[in-house]
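What follows is a set of notes on a single structure, which appears directly below.
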Amino acid sequence: MRNWYFSLVLQDALTEEQDDALTELASFHDGRIHLAERPGYSRFTCSFEAETLTQAIADALGRFVDLPGVLIRSVELDEIALEENGMATPAVLPAPPPLADAL
């Protein structure tokens, strides 16, 4: 097993009611998942131990069952998470030109 690092980005910022509910949920206070917010934006930074990254993400997502109305927009691995996870930095290649431009 190993620790996996990633972020869960929410579709919308937490409402006041969701934020209040979050404070009551012990599963969000064990040191493995941390809320990061700024105006109009919420994400959870995560560090979960599991055999695979997929299992770690599934464990983190399972905590949201008890937090009604919260939707995860994306799972992200930034440069630090990629390095911590021992993963190669993704290559970004420009899209090929349209066929008409190539002729």
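The values are calculated or read from the model by the stated rules, or taken from the named source; none is laboratory data. The shown structure was predicted, so the numbers you read here are calculated from the model rather than taken from an experiment. For the accessible areas, the whole protein counts, side chains as well, though only heavy atoms, and no ligand, DNA or RNA atoms are used. Shrake-Rupley method; radii C 1.70, N 1.55, O 1.52, S 1.80 Å.
Points to keep in mind about this one:
- Region 1-54: proportion of alpha-carbon pairs further apart than 14 angstrom, %: 58 percent
- Residue-normalised accessible area of region 1-80, given per residue in Å² at a 1.4 Å probe: 60 Å²
- Computed from backbone phi with θ = phi - 60° and the Karplus coefficients 6.51, -1.76 and 1.60, the 3J(HN,Hα) list for region 50-59 is 6, 5, 10, 4, 4, 5, 5, 5, 4, 4 Hz; x is used for glycine and proline.
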